[in-house]
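What follows is one structure encoded as structure tokens, with my remarks underneath.
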Amino acid sequence: MAIDRRSFLASLASLGALPFTTLARADGAPTFIAARMDGANAFSVAVLDQAGAVLFTEELDARAHDIAVSPDLGTAVVFARRPGWFALAIDLTGRRRVASFAPPEGRHFYGHGFFSADGRLLYATENDWARERGILGVYDPALGYARIGEIETGGIEPHEAMLLSDGRTIAVANGGIATSPDFGRAKLNLATMAPSLVYLDTATGEVLERAELPASLHQLSIRHMAQAADGSVWFGGQYEGAETDVVDLVGCHRRGGMPALIAAPPSAYAGMKQYVGAVAANRDGTRIAATSPVGGRMLVFDAATGNVVSSRDVIDVCGVTGDGRDFFYSDGRGRLWRGETVLSEDPGVAWDNHIRRII
Amino acid sequence: MSTVATVLLMMGVFALSGVGAASADDEGGSPLPAASIAFKPLVVDALTDVLLPGYQSLAERAAEEAALTADLCREADGGRLKAARDGFRELVLAWSRIELVRFGPARDQNRYERLFFWPDPRGRGLQQVQAILATEDSSAVAVASLREKSVAVQGLPALEFVLHGTGSEALEDATDAAAAFRCRFGAAIAGAIAVTAGEIVADWTGPGGYTELMQDAGAENPLYRSHGEVVQELIKAGREQLQLVRDLKIANAIEATPEKAQPKRAPFWRSNLTVPAIRANIGAVLALVGPDGIASGLPEGKEWIGSEVAFELAQADEVLARVEGAGPWEAEVSDPESHEDLSYVLIPLGDIVSLLEDDYPAAFGLIMGFNSLDGD
């Protein structure tokens, strides 16, 4: 990865664009958190206020991916990008790092995780590559994030996993793509991949339900998701089959039913180039956003009707989180967006795949 | 660049614009102005000079290899085994010159994996191939039924094991019944490769094929909204290939020291074609993005970028040629001098990977997005 600060400046200069000047003082409460690249091979996680101004940052050794925020809003845990070997806990009140930890021997992080409803446990999606199993590693924050157990996710490559609104059920997006750290990020099983959306019971670790797409769509890797107000789980896929296949990239699953892909006008998905990089619900769960950095497009769906209510073309857009009725989102060119508006732009920064709301 | 196409849908009316539509730039893959660059001729040249002849050659070499292995099965002897192995070498080199194309018809029906199931850290392909040999599975010696089987038993790594793996010497023995089965399996693999390669060629060149898709980029095109986007795809393919060669085929095999080297992590170690295949990979990237390829379209003042691609890749190739001449791959990765040579090769390859994701596309007004470059 070598898009460095110099080239950002150069490319922006060639555009005739000027960085925004943030005049407002960044003294609000921690509201958003996101990983980013902020120089040649330099990475950090940034905590932002409601206006998108940077409150503080923590330097990272390598590129990170998603962040889990504790239910008391006091702690954020940043996960390394896959194959990831570190996680970092940040005290959001004290504005400092308080712990760092690694997966055990034979496991690596996939980059996503979440806290239990009472905040006493942290779950991280992990790869047990020797046995080709997806794992949720269970860590205890009170014990310095000691790993106290693990749960099988019932599929290969759990990517995003989340605690659903009942506070007890976990939804896991098993992307289905096997990798091995011996071969970096190379995809080893595209011909036979079998993604799934699996529900697990936090209390017992048992698989409650397993949802799969029809066999003809076994190459649509289910990777990111969000829960809508009605409890349904919306997911975004990345298609590994032929570019010329026309595939609906966003789906919705209600417990006990079959997952349904959400139809949209063909041009809507075509602009996503078979790739969804992040999915989020707005604050009241009535709208779902899916972003595609590859296509430079964000689609917003009405969660009740499945209709596309908005399509925005934003180059390299990816990180997205709910913001009132609409969404707060970021792109790889240093911009933060609220709804239709660019809030700020820092040409020295590339916002990474995910952004999380703290409050 | 604060104006970005934003289309709000109201009243059920659906109207979408492509990336960059707001900047009224219909030639760039991004809204950066690049009006002075004629992307279409670069696309046409890449298709005519690199991609299509590459696939054509693959299909031809595969057909030849199918004939050579069939000949060996008909009348086994040392000369015919050598001919089949020589044919395999030509086939591997042909593949290595087109391996960088990870888009288009090769992605359809798992054709890429059918041809080149690699990497395979668990040795699944080997296990399946050995099981076929051990059981003399009759469905593996006919092309059609072989193609119904696992992708791992119908491509180049499988054929390599048949022709160069343990027990392959018996292929020259006309009286060995097990070798006779092995030979027929090899001939079926070569035939399957020829069919797969032929399908790819057909899907590129046929009416409405991928060649037309790339040549006819534009607002109405379902895949490529501009020729700039196609050029971006090609640059990305070159970059990915170099990164894969660097990280997975070389760095991963040589490790930090000669003592730690893992030569079998690289492809084609059994046939000692690892280095020739890598050199063909690099040669293909040079043909695609070097001064005679896409770099010929670099704007004035940016020609140095093409020269740098050519210079650095020539450096890498020169050192690789030395390693190839020094001895077999398995031995050379653990040889201190060759190990040092191979470690050195990582530097120019890394430089060009960086160039291809940064200054090179930027000179064309194209952006390799941070989030879109390597997905997650």
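The values are calculated or read from the model by the stated rules, or taken from the named source; none is laboratory data. Since the structure is predicted, the reported quantities are computational estimates derived from the model, not experimental observations. When we count neighbours, we look across all protein chains shown, and the Cβ atoms used for this are built from the backbone with ideal geometry, even at glycine.
Does A:Thr125 fit the bill of being assigned to a loop (DSSP other than H, G, I, E, B) and among the polar types (S, T, N, Q)? The answer is no for A:Thr125. Name the residues in segment A:218-240 that are without any contact (Cβ under 8 Å) to a residue 40 or more places away in the chain and not in a strand (DSSP E or B), would you? Scanning segment A:218-240 gives a single hit, A:Gln219.
Checked against the criterion of being within 25 Å of B:Arg265 (Cα to Cα), under 23 Å from the mean Cα position of the chain (by Cα) and surrounded by fewer than 24 Cβ atoms within 10 Å (Cβ to Cβ), segment B:128-147 contains not a single residue that satisfies it.
Go through B:Val230, B:Val275, B:Val195, B:Val201 for me and flag whichever is closer than 23 Å to B:Thr48 by Cβ, at pLDDT 95 or above and more than 14 Å from chain A (Cβ to nearest Cβ).
Every option except B:Val201 fails the conditions.
The numbered conditions (1) surrounded by fewer than 24 Cβ atoms within 10 Å (Cβ to Cβ); (2) in contact with a helix residue (DSSP H, G or I) (Cβ under 6 Å, 6 or more places away or on another chain); (3) among the β-branched types (Val, Ile, Thr) are all true for B:Val151 except (1). The number of residues in segment B:210-225 being surrounded by fewer than 20 Cβ atoms within 10 Å (Cβ to Cβ), part of a loop (DSSP other than H, G, I, E, B) and facing another protein chain (nearest Cβ under 10 Å) comes to 3.
Of the residues that sit in segment A:136-159 and are assigned to a strand (DSSP E or B) and within 14 Å of another protein chain (Cβ to nearest Cβ), which one is farthest from A:Gly111 (Cα to Cα)? Restricting to residues being assigned to a strand (DSSP E or B) and within 14 Å of another protein chain (Cβ to nearest Cβ), the top hit is A:Pro158.
Each row is one residue, and each column tells you yes or no for (1) part of a strand (DSSP E or B); (2) within 20 Å of the chain's Cα centre (by Cα).
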| residue | (1), (2) |
| --- | --- |
| A:Ala34 | yes, yes |
| A:Asp38 | yes, yes |
| A:Ala62 | no, yes |
| A:His65 | yes, yes |
| A:Arg82 | no, yes |
| A:Val98 | yes, no |
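Report yes if some residue within segment A:200-208 is touching a residue at least 60 places away in the same chain (Cβ under 8 Å), within 30 Å of B:Arg124 (Cβ to Cβ) and away from chain B (no Cβ under 14 Å); otherwise report no. Looking through segment A:200-208, at least one residue is touching a residue at least 60 places away in the same chain (Cβ under 8 Å), within 30 Å of B:Arg124 (Cβ to Cβ) and away from chain B (no Cβ under 14 Å).
Of all residues in segment B:84-120, exactly one satisfies the criterion of being farther than 20 Å from B:Ala197 by Cβ and free of Cβ contacts under 8 Å to residues at least 60 places away in the same chain, namely B:Asp120.
The numbered conditions (1) more than 14 Å from chain B (Cβ to nearest Cβ); (2) over 20 Å from the mean Cα position of the chain (by Cα) are all true for A:Ala242 except (1). What do you reckon, is A:Ser311 facing chain B (nearest Cβ under 8 Å) and assigned to a strand (DSSP E or B)? Yes, satisfied.
The single condition from (1) under 30 Å from B:Gly301 (Cα atoms); (2) within 14 Å of another protein chain (Cβ to nearest Cβ); (3) within 23 Å of the chain's Cα centre (by Cα) that B:Val345 fails is (2). Listed by position, the helices (runs of 4 or more DSSP H) contained in segment B:96-182 that have at least 2 residues being within 14 Å of another protein chain (Cβ to nearest Cβ) and closer than 29 Å to B:Ser57 by Cα are B:111-115, B:124-135, B:156-164. Where the second residue is surrounded by fewer than 18 Cβ atoms within 10 Å (Cβ to Cβ) and part of a helix (DSSP H, G or I) and the first is modelled with pLDDT of 95 or more and of a type in the set (Ser, Thr, Tyr) and lies in segment B:305-326, which pairs have Cβ atoms under 6 Å and are six or more apart or on separate chains? Cβ pairs passing all conditions: none. Kindly check whether there is at least one residue in segment A:186-202 that is assigned to a loop (DSSP other than H, G, I, E, B), within 30 Å of A:Val98 (Cα to Cα) and of a type outside the set (Ser, Thr, Tyr). Within segment A:186-202, not a single residue is assigned to a loop (DSSP other than H, G, I, E, B), within 30 Å of A:Val98 (Cα to Cα) and of a type outside the set (Ser, Thr, Tyr).
For B:Asn371, the conditions (1) crowded, with 22+ Cβ neighbours inside 10 Å; (2) in contact (Cβ under 8 Å) with a residue 24 or more places away in the chain are fulfilled apart from (2). Looking at A:Leu190, A:Leu200, A:Leu249, just one residue is more than 26 Å from A:Asp166 (Cα to Cα), at pLDDT 95 or above and buried (at least 22 other Cβ atoms within 10 Å of the Cβ), and that residue is A:Leu249. Among the residues of segment A:82-96, is there at least one that is within 14 Å of chain B (Cβ to nearest Cβ), touching a residue at least 12 places away in the same chain (Cβ under 8 Å), surrounded by 22 or more Cβ atoms within 10 Å (Cβ to Cβ) and in contact with a strand residue (DSSP E or B) (Cβ under 6 Å, 6 or more places away or on another chain)? Yes - at least one qualifying residue is present in segment A:82-96.
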